[in-house]
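A short reminder: the numbers here are calculations on the coordinates, not readings from a lab. What you see is a predicted model; the values in this text were computed from it and never measured. Virtual Cβ from ideal backbone geometry, glycine too; neighbours counted across all protein chains shown.
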Amino acid sequence: MERLCVVILLIIILLSSGLAVIYAKYNSRLVFIEIQKAEQELDRLEVLWGRLTLEERMLAEHNRVEKIARKTMGLVELERKSIVYIKL
């Protein structure tokens, strides 16, 4: 009788440890999937960041700003004699 109880207890421990291994493996797969999704999102955001910085550089170019200022505001470049330099 005592031996039977020990065997039953060992079987229960064996089954519960097997279920714990299965549960841990399942959770690790879920975490791995989340990591993969986060890495994909990171890649997408890095590409977007690259595009935005390129667009910012393009929009801030001196020639473009000067053309827009001349066209929309009617700005003109002054002649050399009209420029007054102030020493500080």
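A few comments on the model shown:
- For the chain, the longest principal axis of the alpha carbon atoms and the long axis of helix 2-59 meet at an angle near 10°.
- The chain: angle of helix 62-73 to the longest principal axis, Cα-based, in degrees nearest 10: 60 degrees
- Using a simple spin-label model with pseudo-atoms 7 Å out from Cα toward Cβ, Y23 and L78 lie 7.9 nm apart.
- Prolate/oblate/rounded call for the chain, Cα gyration tensor, a/c under 1.5 rounded: prolate
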